[in-house]
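Visitor: This is the structure I have questions about; it appears just below.
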There are 2 protein chains.
Amino acid sequence: VKKIGRIAASWGRHAWSIGREDPRRAVHALKAGTALTLVSLLYILEPFFKGIGKNAMWAVMTVVVVLEFNAGATICKGLNRGLGTVLAGSLALLIELVAASAGMVFRAFIVGASVFIIGFAATYTRFFPSIKKSYDYGVLIFLLTFNLITVSSYREHSVLPLTRDRLSTIAIGCTICLFMSLLVLPNWSGEDLHNSTVGKFEGLATSIEGCTACVNEYFRDQDKDSNAPDKQEVKASIQIGYRAVLDSKSSDETLAHYASWEPRHSMHCYSYPWQKYVKLGSVLRYFAYTVAALHGCVESEIQTPLSVRSLFRDPCTRVAREVVKVLQELAVSMKHHRRCAPDVLSDHLHEALQDLNSAIRSQPRLFLGSKHACAANRRMLMELNSGKLSSASRATSLQSCKTDATAAALSETTKPAGAGDQPPERNERSNMLRPTLSKIAVTSLEFFEALPFAAFASLLVEMVVRLELVIEEVKNLERAANFREFTGHDHLA
Amino acid sequence: VKKIGRIAASWGRHAWSIGREDPRRAVHALKAGTALTLVSLLYILEPFFKGIGKNAMWAVMTVVVVLEFNAGATICKGLNRGLGTVLAGSLALLIELVAASAGMVFRAFIVGASVFIIGFAATYTRFFPSIKKSYDYGVLIFLLTFNLITVSSYREHSVLPLTRDRLSTIAIGCTICLFMSLLVLPNWSGEDLHNSTVGKFEGLATSIEGCTACVNEYFRDQDKDSNAPDKQEVKASIQIGYRAVLDSKSSDETLAHYASWEPRHSMHCYSYPWQKYVKLGSVLRYFAYTVAALHGCVESEIQTPLSVRSLFRDPCTRVAREVVKVLQELAVSMKHHRRCAPDVLSDHLHEALQDLNSAIRSQPRLFLGSKHACAANRRMLMELNSGKLSSASRATSLQSCKTDATAAALSETTKPAGAGDQPPERNERSNMLRPTLSKIAVTSLEFFEALPFAAFASLLVEMVVRLELVIEEVKNLERAANFREFTGHDHLA
C-alpha cells in the first residue's frame, strides 16, 4: 500500500510539473471536461433528447475528437469535419437516388462498388501534398460519413433523416467546441508562433554569448578543472538555444498552418502574414547553422593554442556581444509588435568587425605578408633565387612569397643584397637554405593549429553576414504585419 | 466543358505523378478500398447482419480510422483503439454498477460528474510526453468510448450488450485492418527508416562532392557566366542532400516509433534497435551542420581570391573525395545489412589530410612562421628591438614574431646584425620601421581574405573528425542489429 502511495505521489508530482510548465494545459483540460459535460446534457436533459434522440452520441464524439489545444486547430478540424460530412452526405444521397429503384442484389453491388471506388479515391487523395496539409482530416470524415450512410442505405430505405441527424449533431458538437475554443480563454496558435519566434531570437542570443556561452567558453582557460561539471551545464545551455531553432521546422509549419485558420487578426489587416514567420524561421535556421558550427569550433578536438586565441579574445567577444545585442533588440521589438530601429545593425557592430579585422591584420604570424610587401621584397628575392622566379605566374609568385619570407628571415646571416652582386655565392646559399626550409616545413606542423581559429573568426564574420539576412526578413515581416512604427529606444530603459 | 476537361486532365497528371513517385501509395489506396468493401459485407450479407446488427457501423468506422500506410502505424492505432475501448468499457461498467440503484436525478449527477472528471483527467494525461508519444490515440478512444457508454447508461438500463457489441465490432475492424496491413503487401516503417538512413548517407555524399557539388563548386572559376543557370541547379542539388538530413528529425522519430510496434524483426533478435537509427540520425545531423557550413563557405559573399583557393584545389578535393568514398561505402554496407569494413576510415583519408596539411604548411603566406623559426630569429630580433622583448610572455613573444618577420623582411635595407653591434643605430631604425609597419597594416587588409579559405579547410578537417563519430555510431548500430559480418569488398566490383 505504501509503495502504491509512493508511486501515486510521484505521478502526482509529474502531473503537477507538467501543469506548472504551461498552466494553459490544465485550463485546456478543464475546458474539455466542461465541453463534454455540456454535450452530455443533450442526451440527459429530456427536451433535448426528444429532439435529437440517440444520435446525440455523434455530438459527444465530435467534441471528443474536434476540441484541440489551439483555437486554430479546433477551427481547422471543425470545418473539415463539417465540410467532409456535407460532401459525403450529398454524394451518398446521389448514389442512393441511383440505386433506389434497383433490386436487392444490384443494390448490394452498387453499394459495394461505390464503397470500393470512393474508398480508393479518398485514400489516394490523402497522399496529395496540398490535401494532406490542410484537408486530411476532412477526407477521413468524408470517407467515414460516406460509408456510414451508403452502407446504412442498403437496409434503411430512407437515409435522409440519418444524414440530417448526423449533420445536425456534428454541427452542435462543432459549435460547442468552437465556443469553448474561441471564446473561453483561447490559445491562439498565432500567438504561440509569435512567441516561439521571439524565443528563438533570445535562444540564439544566449547561445552566442548570453552569459557564459560559445565565445566566452572559447576563450576560457580550459585548465581550471574545478568547474568541469559547470562546463557540461554551459554546453547544454548553449545547445538548447540553437537546437530549438534548428528543430523548429515542423512545429513552425504546423503552428503557421493552424494560425492561418484563426480569425483573430483579420480585423487588423487583410490576412496576417503567418507564412512570413515560417520564412523568418528558415532564415533563422540558416543563421543557426553558423552558431552550430561556431559551437562545433568550441567543442572541436583540434584547437588553436590558448595563447594564440587569447590574442583575439577582445575583438571576438566584442563582435559576438554586438551580434547578441542586435538579436536581443530584435527580440524585444518583435515581442512588443514594434518595428525595430532602422539602424539596428549599428555602427558598433561594424566597428567591432573592423577591430577584429585589424587584430588579425596585426598578427602577421597567422596571416603574414601582403602583396605590397611581396612586391617590395621581390627584388631581393630575385637576387637570391634568380631564374626560378622568371615564370612569375600568380601561383608561383605566391609560392615565391613563402620562399621570400623565409629567405628574408634568414637573410641576417648573409650580406644584404643591395645591388647586383650575387652570382658566385648563389649555389652555396641555396644549399644552405634547403635544410632550413624543410626543417620549417616539419616544425610548422603546429601552424595548422591556427586554422581552427581562422575558422572561428571566419564564422563570426559569416554570422554577421547572415544576421543581415535575418534583419531583412524581420523587416519584411514587420512591414507585412503592420507593426507599430519605431518610436525610439525607450524600451531599453 | 473544354476547360473542365483540361482541369481534370491536369489533376489526372498530378495524381499519376504522385503514384509514380511511390507506387506503394496506389497499392495502399487499393488495400483501403478492399478493406472497406470487406467490412461493408458485414452489414450487407444477411448472416453477418443477423449476428452483429447495426453496430457493424463501428467496424466500418474502425477500418476507416485505423488503416494506415505503415504496418507499424496500423498496429499502434489498432492496439490503442482496442486497449482504450476495453479500459473505458470496464470503467464505465464500474460506474454503472455504482449508479445502478440510484434515482434519476442522482444518476444524472453521477453521469455528469464522471464525464467531467474523466474528461479532464484524460485530456490532461494527453499532455504527458510519454503518453503523448505512444498512447495519444488510445486515450482519445478511451474518452470516446467512456462517454458513449456512460451517457448511454443514463437511458438504457443495461449497457453490457452495448459494451460487448462495441468491443466485438472494433475487434473485427481491427482484425481486417491488421490482415490488410500486415499480410497483404505490407509497408514496414522499419524498412522505410532503414532506407531513409541509407538515403541520407547518399544525399550527404552528393552534397559534399557527388559530381559537381560543394568542393568542386568552391574551386570552379566563377567567371564563366555561361553556366549560370546550371549553377542554380548545382546549388539546389547540394542543398537537397544535407537539407533532407537536417530536416529528418521528426520523421525519423515517427518512423522509429512505429517500427518499434512492428513484429517483423523479433524473430532475428530480441528487439531490433530502432532507437539506434534515431541516434545515428542525430549524429548525421551533427555531421550535416558541417556540410551546411561548408556550403555556406561556397555561397558566402566574402571569398578568398580564386588564385589563392586554386592552390589548395587538389588536396581539398582529395579530402572531400575520400570523405565521399567513406560515406558511399557506409551507404552500400548499410543497404545490404552488412557490416562495413573495419578499415573504412582508410589510410587514404589520412594521407589526403596530411596532404592538405602540408599544402597549407607550404604556403606560409597564409600561415607563416613557426615557433622554431621564431626562436631562430629571436636573436636578431633581440638586437633590433631589445628591451621590449625581455618580458617574454608567450603572448608578447607572438606579438614579437610579427615584428620579427616584418623586420626581417625589411632587414635587407640594413646591415646584418651578426654580433653585438647595435646600440647607436637603434633609435633611427625603429623610427624607420614605424611607417612601414602601418603601411603593411593598411595594405594587408587583403589578407583578411585568406580567412574564408582557412574556414573552409578547417571545416573539411572538422568534417573528418565528425565522420569518425558517424562511423562509430554506424558500427554501434551494426552490432546491435546483428548485421552480417564484413566479408570483403566484392560489392564494389
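The values are calculated or read from the model by the stated rules, or taken from the named source; none is laboratory data. What you see is a predicted model; the values in this text were computed from it and never measured. Note: ideal-geometry Cβ built from the backbone for every residue, glycine included; neighbour counts use all protein chains shown. Just the protein is used for accessible areas: all its heavy atoms, side chains included, with ligands, DNA and RNA removed. Shrake-Rupley method; radii C 1.70, N 1.55, O 1.52, S 1.80 Å.
Visitor: Roughly how crowded by other chains is peptide B:26-36, in terms of the mean Cβ count from those chains within 10 Å of each of its Cβ atoms? If you can, show how the numbers build up before the last one.
Guide: Values: counts 4, 0, 5, 9, 5, 3, 9, 11, 4, 3, 12.
Mean partner-chain Cβ count within 10 Å for B:26-36: 6.
Visitor: Using a 10 Å cut-off around each Cβ of peptide B:111-122, what is the average number of partner chain Cβ atoms that fall inside?
Guide: That average works out to 6.
Visitor: Could you compute Rg(Cα) / (2.2 N^0.38 Å) for segment B:1-128, with N its residue count?
Guide: Numbers: Rg = 22.3 Å, N = 128, 2.2 N^0.38 = 13.9 Å.
Compactness ratio reported: 1.61.
Visitor: Here is a further query. Students often get this wrong, so check it: of A:LYS249/B:LYS249; A:LYS132/B:LYS200; A:LYS249/B:LYS475, which have C-alpha atoms separated by over 19 Å?
Guide: Correct reply: A:LYS132/B:LYS200; A:LYS249/B:LYS475.
Visitor: Averaging sequence separations of C-alpha pairs under 8 Å and six or more residues apart, then dividing by the length of segment A:75-219, give the relative contact order as a whole percent.
Guide: 32
Visitor: Let me ask another. On average, how much accessible surface per residue is there in segment A:1-135, in Å², for a 1.4 Å probe, leaving out ligands, DNA and RNA? Don't skip to the end; give the middle numbers.
Guide: Working: 6810 Å² over 135 residues.
About 50 Å² of surface per residue is accessible.
Visitor: Mind grabbing the interface size between A and B? I mean buried accessible area, both sides, 1.4 Å probe, in Å² to the nearest hundred. Walk me through the numbers on the way to the answer.
Guide: Details: alone 27870 and 27870 Å², together 44620 Å².
By this definition, chains A and B bury close to 11100 Å².
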